[in-house]
Structures are given as structure tokens and as C-alpha cells.
Amino acid sequence: MTESTASAMLREVEAAFDVSLFDRTPQGMTLTKAGEIAIGRLRGVSSELAMLTQELVQPEATPVLRIGAVQHTFFGVLQKVVPQLLAEMPCRLELCDATSSELASCLQQDELDCILGRMPEDWIESFQSPAFFYSPLYDEEICVVASPDHPFARCDAVILEDLVKESWVLPKPGSHLRHVLTTAFVSEGLPPPEALIETSSFVFTLPLLTGSKLLTVATRDHGVSYEWAGQVRVLPIKLPQLSPPVAFVAKKRSMKNPAVLTFWELLRRAESPPMI
């Protein structure tokens, strides 16, 4: 296809919708807001057509359910729900572990069928639009974690002031867990903890706690899972609840998929963590 032919086709599309999809400048072309919306929708259509083609070519193939989830849910609600889903629904799962913002972007671009996690504030309004199915599920607690032989692990109660001079392994700045911890200290008029070590995952943090006097912050699901295994101790201190609820989100049209619908119903019926 020649450049002139492509330009003519683009002008026809813009005329049909009576809107400019690109700003034309001497430096080139950039997407307008309408163009960004159109590209997002077209990606969705392309993804739907690819899945339809696969179903038509291989009608007997096992359907694939693409689930995105934040890390802590793999140690909590997903441990219970995934086996139930596979028992009730013949499907193959593709599980993606990422941050809530990354998952939201993947869902928007139809790279995932549904997502599970704390939804970023700048996405919640979009997810409450008619195009999406948004279902808050449960509130998430945050806890402070230490090695089982840490001096605070033997205490019956700990307050934030006790932790001011401690050394910490923390998630990177800008992460939700670090924000909750920092806010807890600042709200008590205390200096926020500084990270001696920064990591991107609790899995990486765990070996650093062993035999040390380092502290870290984690979701309660995460902390309790490792506490049961005797690897860490959840300290007896309560941090403020500043998190939006963990929610299930899918495109509205995806709720017609039996696997997506079954997954959501199992999440709603899950006994732990407590459901809203």
C-alpha cells in the first residue's frame, strides 16, 4: 500500500466518524485524544477476532482464561479459588503477576480477560463506566514482618514509636505498601522509615530477613502464609487501613464468557479473606 493510498483511507475513516484521529505537523503525525480511543477499541476488536479465529479453527480446543492478579492474591484467595475453578470449568489458565497499574493497562488493551487487585485511583472512574464490570471484593490488611528470632517477635504488643530506629527492607518508593507504611508513621508525627535495602518483591525480601534484625511491610495474606511455615513473624501492630478494596474487573462483554463468570462467582463465595 502506498503512502498516498493510506492517507486517503485515513481521511475516509475520519470523514465517516467526523473527527480527526491524528494531528498533522511538519514533524509528523501524532494521535489525537479521539485517535487514542480509536486505537484502544481497535486493539480490543483485533484481540476478539484473534480469539474467534482460534475457536473456529480449533472448536474442540480447551478455552484459555487469562487472569491478571497482584502478587499477594496468589498467597491468599487464588490458592483457594483456582483449584475450584479448574474442577468446575474445563479451561486452561494463563496467570499474570504484575502491579495494579500494569494489570489495568493490560485489561484496557484486551491482553487479559479479567484482573484482580487494588485498582489505582486514576483507573477506578474508567472501570465504573458501562464498558467494564467492576466488583469490589474484600479489604486488604497491611502488616509489619520480622525474622522469628527478631527481638520484637517475642513481644505481645508493638507501637510505631518502637520501630523508628529499626532497619528496613522496603518496596521501592511509589509502591502502595511503602505509601501505607510512610503514612502511618507521618500521621503519628514520626519520621518515616528509611530503606536500608529496597526490593521489588516480598519473595526477594524473605531471605534478607532470616537471621537479621531487619523489618519489612507486607500484606497480611503474604505475612501469614510465611508465618505458618515458620519463616517470619507478623508483629503485633495494627497499621491504618488506607487501601482501596481488592476488586475484580473485566470488560462487560467478557462476562458472557462462562470461565470469567465462574471465576468471579467463586471469588465472591470465597470464605477467606472476608468478603465485602
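The values are calculated or read from the model by the stated rules, or taken from the named source; none is laboratory data. Predicted model only: the values in this text are computed from it and were never measured. Cβ: placed from backbone, ideal geometry, glycine included. Neighbour counts: every protein chain shown.
Are there any strands (runs of 3 or more DSSP E) wholly within the stretch 28-134 with 2 or more residues that are modelled with pLDDT of 85 or more, and if so which?
Qualifying strands (runs of 3 or more DSSP E): 64-69, 92-97, 114-118.
Hey, any hits in the stretch 169-181 for a residue that's more than 30 Å from Gln128 (Cβ to Cβ) and out of contact with any Lys or Arg (no Cβ under 8 Å at 6 or more places or on another chain)?
Checked against the condition, which is being more than 30 Å from Gln128 (Cβ to Cβ) and out of contact with any Lys or Arg (no Cβ under 8 Å at 6 or more places or on another chain), the stretch 169-181 yields at least one hit.
Suppose we filter the stretch 196-214 for residues that are under 14 Å from Leu177 (Cβ atoms) and either among the charged types (D, E, K, R) or surrounded by 16 or more Cβ atoms within 10 Å (Cβ to Cβ) (or both); how many remain?
So the count comes out to 4.
Ala153 fails exactly one of the following numbered conditions: (1) in a helix (DSSP H, G or I); (2) surrounded by 15 or more Cβ atoms within 10 Å (Cβ to Cβ); (3) free of Cβ contacts under 8 Å to residues at least 40 places away in the same chain. What is the number of that condition?
Here Ala153 meets the rest and fails (3).
Looking at the stretch 114-168 only, could you name the residues that are among the hydroxyl-bearing types (Ser, Thr, Tyr) and in contact with a Lys or Arg (Cβ under 8 Å, 6 or more places away or on another chain)?
If the condition is that a residue be among the hydroxyl-bearing types (Ser, Thr, Tyr) and in contact with a Lys or Arg (Cβ under 8 Å, 6 or more places away or on another chain), then Ser135, Ser147, Ser167 are the ones that fit.
What's the number of the only condition in (1) modelled with pLDDT of 90 or more; (2) under 18 Å from His72 (Cα atoms); (3) not basic (Lys, Arg) that Pro207 fails to meet?
Unmet for Pro207, out of (1) modelled with pLDDT of 90 or more; (2) under 18 Å from His72 (Cα atoms); (3) not basic (Lys, Arg): (1).
Take the stretch 227-243 and flag every residue that is more than 23 Å from the chain's Cα centre (by Cα) and aliphatic (A, V, I, L, M).
Matches in the stretch 227-243: Ala229, Val232, Val234, Leu235, Ile237.
Which condition number does Leu78 fail, the rest of (1) of a type in the set (A, V, I, L, M, F, W, C); (2) closer than 19 Å to Met255 by Cβ; (3) crowded, with 17+ Cβ neighbours inside 10 Å being met?
Answer for Leu78: the failing condition is (2).
Which ranges mark the strands (runs of 3 or more DSSP E) fully within the stretch 160-276 that have 3 or more residues being assigned by TED's automatic domain parsing to the domain that holds Trp123?
Here the list reads 246-251.
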